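One structure is given below, encoded as C-alpha cells.
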Amino acid sequence: DIGEYVASLPDLEDVRDKLDKAEIVTAKDLEVDFGAEIDLREDLTDIKIPDKKKVSISFYEAKNEDGKSFTTSRADTYKAVYYAEPVNTEHPAYRFSRNVTVREEMKDRTIVSRTRKKQRVLHKMRP
C-alpha cells in the first residue's frame, strides 16, 4: 500500500546528512488561482531537483487541514506530500512537502480593475 510506504518514510530533514547534494530535492510553497487547471502529479513548479538522474520524485497526496483533497474550486491551503527515491539504493528514500494555496476567486478585483481602466480612459479623453 502506497500510503503505508509514504508514511514509513522519514522526512527530508531527518536524512539530509545521509544524502548526496544531488539527491536533495527542495520545494517552495505554491499559489494558484481559483479555478486554475493544475495537476500536482505533473506540475513541478518551484520544486528543484538537482539531478534527475540521481533521484526520482513522486506525488503522493494534497489535503487541507480537514483532510479534504486538493481542488482549485475551493480557496484553501493544502499540504502536498511527495516522496523522493535516490537511484543509489544505499541512500534513504524520504518524503517532503509544500503548501499549495488556492487564492480566493477574484470577482471583486476584476470589477475594481475595470473601473480603474474606465477612469484612465476618461482621463485621457478630457482636453
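The values are calculated or read from the model by the stated rules, or taken from the named source; none is laboratory data. Here the structure is a predicted model, which means the values were calculated and not measured. Neighbour counts are summed over all protein chains in view; Cβ atoms, including those assigned to glycine, are modelled from backbone coordinates with ideal geometry. SASA here: full protein model, heavy atoms, side chains in, ligands and nucleic acids out. Shrake-Rupley method; radii C 1.70, N 1.55, O 1.52, S 1.80 Å.
Couple of notes before you dig in:
- One residue stands out among those in the range 56-108 that are without any contact (Cβ under 8 Å) to a residue 24 or more places away in the chain and among the basic types (Lys, Arg): the one that is most open to solvent (accessible area, probe 1.4 Å), which is Lys107.
- Filter result for the condition that a residue is in contact with a Gly (Cβ under 8 Å, 6 or more places away or on another chain) and acidic (Asp, Glu), over Glu23, Glu105: Glu105
- Set side by side, the residues Arg116, Arg41 differ, and just one is open to solvent by 70 Å² or more (accessible area, probe 1.4 Å), modelled with pLDDT under 95 and within 28 Å of Asp1 (Cα to Cα), which is Arg41.
- Filter pass, Ser8 being farther than 29 Å from Glu104 by Cα, at pLDDT 95 or above and of a type in the set (S, T, N, Q): yes
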